[in-house]
Amino acid sequence: MEEVSTGTGPLVPAVVKPEPEREREPKPKASPSSFSAAQHPDEEPEGGSGWGSEELDKDLLCPICMQTIKDAFLTVCGHSFCYMCIVIHLRNKSDCPCCSHHLTLHQLFPNFLLDKLLKKASARQISRTASPVEQFRHALQQGCEVSIKELDTLLSLLTDKKRKMEQEEAERNMQILLTFLHHLRRQKIDELNEVQSDLQFIKEDITSVERHRMELYRARDKYSVKLHMLGDDSSARKSWSSSMDKNSSDLISSSLTARGVMATRNLQNKKADGKSQVTSQGLPRKDALSGSESQHINQSGLSVARKKRVHAQFSDLQECYLQKRRQLANKPLSQQEKDKSIIPREGYNEGLADFQSVLTTFTRYSRLRVIAELRHGNLVHSANIVSSIEFDRDDELFATAGVSRCIKVFDFSTVVNEPADMHYPVVEMATRSKLSCLSWNNFTKNHIASSDYEGIVTVWDVITRQSVMEYEEHEKRAWSVDFSRTEPSMLVSGSDDYKVKVWCTNQEASVLNIDMKANICCVKYNPGSSNYIAVGSADHQIHYYDLRNISQPLHVFSGHRKAVSYVKFLSNNELASASTDSTLRLWDVKENLPVRTFRGHTNEKNFVGLTVNSEYIACGSETNEVFVYHKEISRPVTWHKFSSPDSHDADDEVASYFISAVCWKSDSPTMLTANSQGTIKVLVLAA
């Protein structure tokens with residue numbers, strides 16, 4: 001390598017073209033053996049004349065192509081070239097390439113002596129480098145005399161050599177085959193042992209589940225008998241009271257007979273009313289029976305639907321069961337507090353209990369139902385993209401922000417319970433720039449933080465509708481901001497300026513700065529500690545930091561193929577991430593391991609939102625759909641597509657709409673969603 005100066009700027013590395021390597025004949029030591037009588041009489045002994053091997057090699061090279069001369073021709077000025085090389089040269093120029101002497105095609109002559117030397121050099125090269133077979137073949141081609149007896153001997157030797165080589169080749173092939181079969185046998189034995197172990201787990205779990213099922217049946221029968229006995233007691237009381245009423249009515253009727261016919265008619269009318277009342281009381285009982293029957297039918301239909309969902313995701317559920325059962329096979333279930341309402345579950349494996357919880361939550365819901373809808377746009381701002389939507393601490397209020405340069409706070413119960421064509425925010429705060437992210441304070445209910453396209457991080461007071469603090473240290477657009485869940489005065493932000501900044505609401509400047517090597521797309525505090533943050537960046541990685549030592553991250557999670565757009569914590573140890581590679585990923589930040597990859601939605605260029613709770617992960621899609629995943633299953637549980645409220649929208653415009661923000665309502669099945677058109681929907685998971 002040689003650095004060539006370009007005259008301006010830094011030096012540019014350049015590769016210098018190497019000169020062609022010349023074939024050099026090794027100089028043998030001068031010894032009597034070098035001049036054996038077996039040498040060709042015309043061949044000049046090496047080292048015996050003034051022609052050294054190095055000088056000879058130089059003379060045998062064509063000055064034009066720098067290769068061994070082929071079909072040598074001599075010029076009038078005494079230089080030798082390949083015939084084709086010198087002819088092509090003279091078509092363009094009329095001089096010798098070596099001495100620039102005037103030269104024409106008529107001044108070229110064959111160089112027979114050099115051709116003879118070249119043939120001798122070629123023969124020596126072959127004898128020196130060729131294999132014995134090539135030498136023998138060359139000797140035969142040159143007309144070497146060989147007797148029939150010598151040929152028979154050679155053929156016999158070659159036949160034996162061939163058989164030996166075939167035998168060795170067969171042995172090697174058999175050895176390779178045997179090695180493969182042994183490896184395959186070990187692998188299949190391991191698989192068989194694993195399958196047998198899994199079958200043993202399944203057998204134990206079937207026995208355990210059947211036992212608990214019988215206990216449930218016995219408990220149900222026990223309660224049914226009690227209810228039947230209570231019913232019999234109530235009917236006995238009713239028959240006793242009815243007999244007493246009959247006796248008393250007989251006494252009354254006998255006493256009223258003497259009073260005349262009118263009293264008797266009145267009594268008959270009362271009896272008729274009594275019969276009608278008895279008949280009317282019988283109707284609700286019939287309705288109740290029919291209601292219980294319909295409820296039974298509904299429960300049966302739900303059971304069938306849940307079984308269908310199990311079969312549809314059987315492979316993922318099987319993997320989940322086996323993973324949990326193998327990991328927790330030897331772990332006994334922790335002793336629960338004994339309660340009369342809880343049936344004892346001795347021997348119930350913890351892995352099975354964990355999987356049953358997954359199966360129950362996974363099959364519980366099959367669709368997303370819309371319970372409320374509102375429009376975020378207004379007449380002033382035509383841009384309606386909602387970039388962030390967040391619930392407050394108590395899930396009573398939710399705030400929205402986006403490119404309309406405004407934070408709007410809505411009352412959730414009003415939006416859900418009071419149908420209206422237009423829902424108005426309870427608080428509205430104008431901002432100077434487009435907003436990218438919101439974060440409510442978990443301790444001070446009326447405080448909310450925002451980040452905007454100018455890099456400003458602002459803390460707002462929702463009651464006074466004024467900013468409490470403004471931080472302007474970021475040099476470029478700030479994409480994300482987050483309040484600590486354990487330390488109310490701390491918040492963190494990330495920006496396109498490659499910096500992560502930690503702020504304290506009691507100070508006017510940042511308290512910590514982390515310099516990264518790529519744009520910061522998202523930041524998030526660990527919910528269990530204000531010392532740990534997760535940072536997603538455009539370098540396709542998630543950097544997990546301990547803020548007490550920011551010299552390097554605790555761990556870097558790699559796996560995404562594009563920028564990491566969101567990070568969210570499901571728990572203190574579980575971290576979910578979203579990327580523009582159309583995947584979500586789940587990580588274990590305690591063990592520094594990838595857990596699962598989720599696929600189904602489409603996300604290649606936009607921020608489409610990410611939200612998590614203890615069991616479910618939800619995100620948007622560039623197909624204008626909301627997708628919900630269970631954290632243990634890699635395929636979506638369900639999804640919901642936004643429709644365009646304006647029927648006049650062109651197909652191209654509808655295709656460009658995408659989900660831009662999502663947010664769960666704590667651990668409930670209710671979720672807020674918004675899209676790039678400014679439509680906000682309240683969705684709830686339903687069976």
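The values are calculated or read from the model by the stated rules, or taken from the named source; none is laboratory data. Being a predicted model, the structure only gives us computed values, none of them experimental. Every residue, glycine among them, receives a Cβ derived from its backbone with ideal geometry; neighbour counts consider all protein chains shown. The area values use the complete protein model at the heavy-atom level, side chains included, leaving out ligands, DNA and RNA. Shrake-Rupley method; radii C 1.70, N 1.55, O 1.52, S 1.80 Å.
Remarks
- Some residue of the range 314-331 being loosely packed, with under 14 Cβ neighbours inside 10 Å, modelled with pLDDT under 85 and not in a helix (DSSP H, G or I): yes
- Only residues that are modelled with pLDDT of 85 or more and among the aliphatic types (A, V, I, L, M) were counted across the range 361-384, and they come to 5.
- Against the conditions (1) closer than 30 Å to GLN142 by Cα; (2) out of contact with any Leu (no Cβ under 9 Å at 6 or more places or on another chain), GLY78 satisfies every one except (1).
- The single residue among LYS631, LYS605, LYS590 that is out of contact with any His (no Cβ under 6 Å at 6 or more places or on another chain), charged (D, E, K, R) and within 24 Å of ASN531 (Cβ to Cβ) turns out to be LYS590.
- Residues considered: GLU473, GLU428. Of these, the only one that is in a loop (DSSP other than H, G, I, E, B) and either over 27 Å from the mean Cα position of the chain (by Cα) or of a type in the set (Gly, Ala, Ser) (or both) is GLU473.
- Of all residues making up the range 547-584, the number that are in a strand (DSSP E or B) and not charged (D, E, K, R): 17
- In the set THR597, THR580, THR623, only one residue is more than 19 Å from ILE542 (Cβ to Cβ) and open to solvent by 10 Å² or more (accessible area, probe 1.4 Å); that residue is THR623.
- Some residue of the range 610-626 being over 15 Å from MET671 (Cβ atoms) and out of contact with any Lys or Arg (no Cβ under 9 Å at 6 or more places or on another chain): no
- Any hit, the range 582-600, residues being in contact with a Leu (Cβ under 6 Å, 6 or more places away or on another chain), in the same structural domain as ALA534 (by the TED database), over 17 Å from ASN519 (Cβ atoms) and basic (Lys, Arg): yes
- Being over 21 Å from LYS631 (Cα atoms), open to solvent by less than 50 Å² (accessible area, probe 1.4 Å), in contact with a Lys or Arg (Cβ under 9 Å, 6 or more places away or on another chain) and in a strand (DSSP E or B) is a property that ILE514 has.
- Only strands (runs of 3 or more DSSP E) whose full extent lies in the range 51-164 are considered here, and the ones with at least 1 residues that are without any contact (Cβ under 8 Å) to a residue 40 or more places away in the chain and open to solvent by 50 Å² or more (accessible area, probe 1.4 Å) are 108-110.
- Flag if LEU178 is of a type outside the set (D, E, K, R), in a helix (DSSP H, G or I), surrounded by 10 or more Cβ atoms within 10 Å (Cβ to Cβ) and more than 37 Å from the chain's Cα centre (by Cα): yes
- In this structure, GLU604 qualifies as assigned to a loop (DSSP other than H, G, I, E, B), under 15 Å from the mean Cα position of the chain (by Cα) and either basic (Lys, Arg) or surrounded by fewer than 18 Cβ atoms within 10 Å (Cβ to Cβ) (or both).
- Residue count, the range 181-201 (criterion: open to solvent by less than 70 Å² (accessible area, probe 1.4 Å) and at pLDDT below 90): 3
- Residue in the range 498-505 that is out of contact with any Lys or Arg (no Cβ under 8 Å at 6 or more places or on another chain), without any contact (Cβ under 8 Å) to a residue 24 or more places away in the chain, open to solvent by less than 60 Å² (accessible area, probe 1.4 Å) and in a strand (DSSP E or B) present: yes
- The numbered conditions (1) closer than 22 Å to ASN384 by Cβ; (2) open to solvent by 20 Å² or more (accessible area, probe 1.4 Å); (3) assigned to a helix (DSSP H, G or I) are all true for SER413 except (1).
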